[in-house]
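Derivation of every value follows stated rules applied to the coordinates shown; laboratory data play no part. In this text the structure is predicted, and so the values were computed from the model without any measurement. Cβ placement follows ideal geometry from the backbone for every residue including glycine, while neighbour counts extend to all protein chains displayed.
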Amino acid sequence: MFNNLQLNAKLNLLLAIMFSLIVLVVGSFLAQILSTNAKNTVTDRASLLMETMLSVREYTSEQVKPELASRLETEDRFLPETVPGYSAREVFENLRTRPAYQNFFYKEAAINPTNLRDKADRFETKIIEEFRKNPKNQQTANFREVSNQEFFYIARPIKVSQESCLQCHSDPALAPRSQIATYGDEHGFGWKLNEIVGAQIISIPASDIFSFIRGLQIQVIGSISAFLIVAGIIIDIFLRKTITKPLRSMSQWAKQVSTANTKEEFVHKANDEIGILAASVNRMKVSLEMAMNMLDSQTPKKSDDRKS
């Protein structure tokens, strides 16, 4: 079938195959690059927020808690502002009041928390258990889907690294009176030094970023495709004008020459390969005419010899 196609059709088919391969290769390569950049973007954003929350925890632990610690035994209500995790959570909740961050989430999940709002769900419990199995692992990150929306999360272990933490979490008898009055003596106790009791988890929406990346990919591939189509049209016009049209004209001229219907030479002004071919067929035409003239001039003499 391919051999039966005209030269222009063959060239157009070849261009279409080449351009399709270019779009396919560029599209795949672009998809990998944009996907990597999207993952790096969400990772950097989540890491920045995580470091910010760690800074809030350190500030609370080093500056706020010492100032309020003495009031824990005298106040009727426990002062949660002395807890680093509470401060970090409240700061993040304030951040979530801004429209751009309303779908961001931060939680210091614990299997046995003092405040039940920090109780780990099934997914968070699994992360905590993984940290317990691999104590050297200081961070895990991955994508997850929640309510048909894709999120990227970063999780870090919460470890009891200071003995001062055990005052509020080892034995209810050692805990501040206001803590027992506010949260009771059934939750958040029995912790041990160097034990991993929870995980800091930040989740940020990834669907918007990947949607933007996919839209950008479509735009780039669309632009490349449009450029290749325009280039293909220009190349097709160029090939028609410089190759296929001269060859078709030469073919028609040669057909006329073969039937002795023309005395004119084939004219091709360009000095390209078609021009060289045109000069060759013109010389061939002259040689053919000379041969025919010689044949014609010898034919009458043979006839006269026979008569004599």
Taking the Cα centre of the chain as the origin and placing charges on Cβ (Lys, Arg +1; Asp, Glu -1), which of Gly190, Asn293, Val146 is farthest toward the positive end of the dipole?
Asn293
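Using 0.36 nm per residue of separation minus the Cα-Cα distance, give me the extension gain between Glu90 and Leu21 in nm, one decimal.
Working: separation 69, 0.36 × 69 = 24.84 nm, distance 5.32 nm.
Length difference between fully extended and current span is 19.5 nm.
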Does anything in the stretch 169-209 have its amide N under 20 Å from the 7 Å Cα→Cβ label point of Thr36, and if so which residues?
209
Computed label-point distance, nm, for sites Val146 and Lys10 using a 7 Å Cα→Cβ extension:
6.2
At what distance in nm do the modelled label points of Thr52 and Ile218 sit from each other, each positioned 7 Å from its Cα along Cα→Cβ?
3.1
For the stretch 40-206, compute the orientation-averaged projected area of the C-alpha convex hull (one quarter of its surface), in nm².
10.1
Chymotrypsin sites (Phe, Trp or Tyr not before Pro) in the stretch 23-78 lying in a DSSP loop, each with at most 13 other Cβ atoms within 10 Å of its Cβ, come to none
Taking the radius of gyration and the Kirkwood hydrodynamic radius from Cα positions alone, what is the Rg/Rh ratio for the stretch 1-99, to two decimal places?
1.59
What value, in deg cm²/dmol to 500, does the helix sum -39500 (n - 2.57) over DSSP H runs of n ≥ 4 give at 222 nm once divided by the residues of the chain?
-19500 deg cm²/dmol
Give the relative contact order (percent, whole number) for the stretch 40-206; include only Cα pairs under 8 Å separated by 6+ residues.
29
Hey, if you put +1 on the Cβ of every Lys and Arg and -1 on every Asp and Glu Cβ in the chain, which of Leu247, Ala231, Tyr101 ends up farthest toward the positive end of that dipole?
Leu247
For semi-axes √(5λ) of the Cα gyration tensor in Å, one of (i) 92, 16, 13; (ii) 26, 26, 20; (iii) 38, 29, 16 was computed from the structure I shared and the rest are decoys. Which label?
(i)
For the stretch 192-280, what's the radius of gyration and Dmax over Cα atoms, in angstrom?
32.3, 110
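Counting only trypsin sites (Lys or Arg not before Pro) that are in a DSSP loop and have at most 16 other C-beta atoms within 10 Å, tell me the longest site-free stretch of the chain.
On the way: sites that count: Arg77, Lys136, Lys192, Lys263, Lys269.
Result, exposed sites excluded: 1-76.
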Computed magnitude of the charge dipole of the stretch 216-276 (debye, nearest 20; Cβ of K, R +1, Cβ of D, E -1)
180
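R0 = 51 Å: FRET efficiency of Arg122 with Phe227, Cβ-based, nearest 0.05?
Details: r = 51 Å, r/R0 = 0.99.
Given R0 = 51 Å and the Cβ-Cβ separation, E is 0.50.
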Out of all DSSP beta bridges with both ends in the stretch 40-206, state the antiparallel percent to the nearest 5.
95
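At 15 Å minimum axial length over the Cα atoms and a Kyte-Doolittle cut of -1.0, report the qualifying DSSP H helices in the chain, or say none.
7-59, 84-96, 207-239, 245-258, 273-307
Return a whole-number percent for the relative contact order of the chain, with Cα pairs under 8 Å and 6 or more residues apart as the contact set. Present the calculation step by step, with values, prior to reporting the outcome.
Working: 317 pairs, mean separation 59.1, N = 308.
Result for the chain is 19 percent.
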